[in-house]
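Asks: Mind having a look at this structure? Questions to follow.
The values are calculated or read from the model by the stated rules, or taken from the named source; none is laboratory data. Note that the structure is predicted; figures quoted are calculated from it, not measured. Reconstructed Cβ throughout: ideal geometry from the backbone, glycine too, with neighbour counts over all protein chains shown. Calculation scope for accessible area: heavy atoms of the full protein, side chains included, ligands and nucleic acids excluded. Shrake-Rupley method; radii C 1.70, N 1.55, O 1.52, S 1.80 Å.
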Amino acid sequence: MRGASGGYRFAGNARRMTRDRALDAPQRAPAAADAQPPGASAIERALAAVLAEIDEIAVATFRSIGLAKTLKRVAREPGA
């Protein structure tokens, strides 16, 4: 809508829409092998594997949380 109170209104199902889809998050986390520079040391490879695992967990979390739950959390925040 145009005007002072204008903006966008979500017309989908907020319970079915997940954060990853709303935010255009990547559909998969980069694999540990994707993050390996050539000639990486053992420590660099281990760190890359841990970071890749964290990315996978983040992607799974974004896939599991719907917009409806996010909006409820926002409404509970002071000053929202």
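Asks: Between Ala4 and Ile65, what FRET efficiency comes out of the Förster formula 1/(1 + (r/R0)^6) with R0 = 35 Å and r the beta carbon distance, rounded to 0.05?
Replies: 0.65
Asks: Expressed in nm to one decimal, what extension gain is obtained for the pair Glu56 and Val74 from 0.36 nm per residue of sequence separation less their Cα-Cα distance?
Replies: 4.0 nm
Asks: May I ask you to order 6-18, 61-73, 39-51 by the average number of other C-beta atoms within 10 Å around their residues, highest value first?
Replies: 61-73, 39-51, 6-18
Asks: With a 1.4 Å probe and every protein chain kept in, tell me what percent of the accessible surface of the stretch 40-80 is carbon plus sulfur. List each step's numbers first, then the result.
Replies: Numbers: 2010 of 3110 Å².
Roughly 65 percent, rounded to a whole number.
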